[in-house]
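S.K.: Questions regarding the structure given below will be posed in turn.
The values are calculated or read from the model by the stated rules, or taken from the named source; none is laboratory data. As the structure is a computational prediction, the values presented were derived from the model and not from experiment. Counting neighbours? That spans all protein chains shown, and the Cβs are built from the backbone with ideal geometry, glycine included.
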Amino acid sequence: MTDEERTRADADTAAEAVRHRRFGALPERIRPQDMVETRPATAHDPDRDAYDPDEFAVRYGL
């Protein structure tokens, strides 16, 4: 083996080690529950949510 072939083989081995370190294992599994974020479409508005149908009936219906 010539010096040039030996240098090329060492470079290939080094490149293979770098490639294996970077791509040698799959990333950790992410659960489907961790992929979804749930939040309300609108902010909570206490004035809008304060409607009481029974109170309305007592005031205006009776």
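S.K.: Inspect segment 42-57 for any residue being of a type in the set (S, T, N, Q) and modelled with pLDDT of 85 or more and give the result as yes or no. I'd like the intermediate steps shown before the answer.
M.R.: Here is the first cut: in segment 42-57, the residues of a type in the set (S, T, N, Q) are 42.
In the following step, the residues that additionally are modelled with pLDDT of 85 or more were identified as none.
Within segment 42-57, not a single residue is of a type in the set (S, T, N, Q) and modelled with pLDDT of 85 or more.
S.K.: Turning to a different aspect of this structure: Looking at residue 33 and the list (1) part of a helix (DSSP H, G or I); (2) more than 26 Å from the chain's Cα centre (by Cα); (3) surrounded by fewer than 10 Cβ atoms within 10 Å (Cβ to Cβ), which single condition is not satisfied?
M.R.: That leaves (2) as the condition not met.
S.K.: Moving on to the next point. Quick check: anything in segment 38-61 without any contact (Cβ under 8 Å) to a residue 40 or more places away in the chain, in a loop (DSSP other than H, G, I, E, B) and of a type in the set (Val, Ile, Thr)? Step through it out loud before you land on a result.
M.R.: Filtering segment 38-61 for residues without any contact (Cβ under 8 Å) to a residue 40 or more places away in the chain gives 38-61.
Of the ones still in play, those that are also in a loop (DSSP other than H, G, I, E, B) are 38-47, 51-52.
Next cut, of a type in the set (Val, Ile, Thr) only: 38, 42.
Among the residues of segment 38-61, at least one is without any contact (Cβ under 8 Å) to a residue 40 or more places away in the chain, in a loop (DSSP other than H, G, I, E, B) and of a type in the set (Val, Ile, Thr), which makes the answer yes.
S.K.: Same structure, new question: State all residues of segment 5-30 that are aliphatic (A, V, I, L, M) and either assigned to a helix (DSSP H, G or I) or surrounded by 10 or more Cβ atoms within 10 Å (Cβ to Cβ) (or both); if no residue qualifies, say none. Spell out how you get there, then give the answer.
M.R.: Initially, segment 5-30 is screened for residues aliphatic (A, V, I, L, M), giving 9, 11, 14-15, 17-18, 25-26, 30.
9, 11, 14, 15, 17, 18, listed by residue number.
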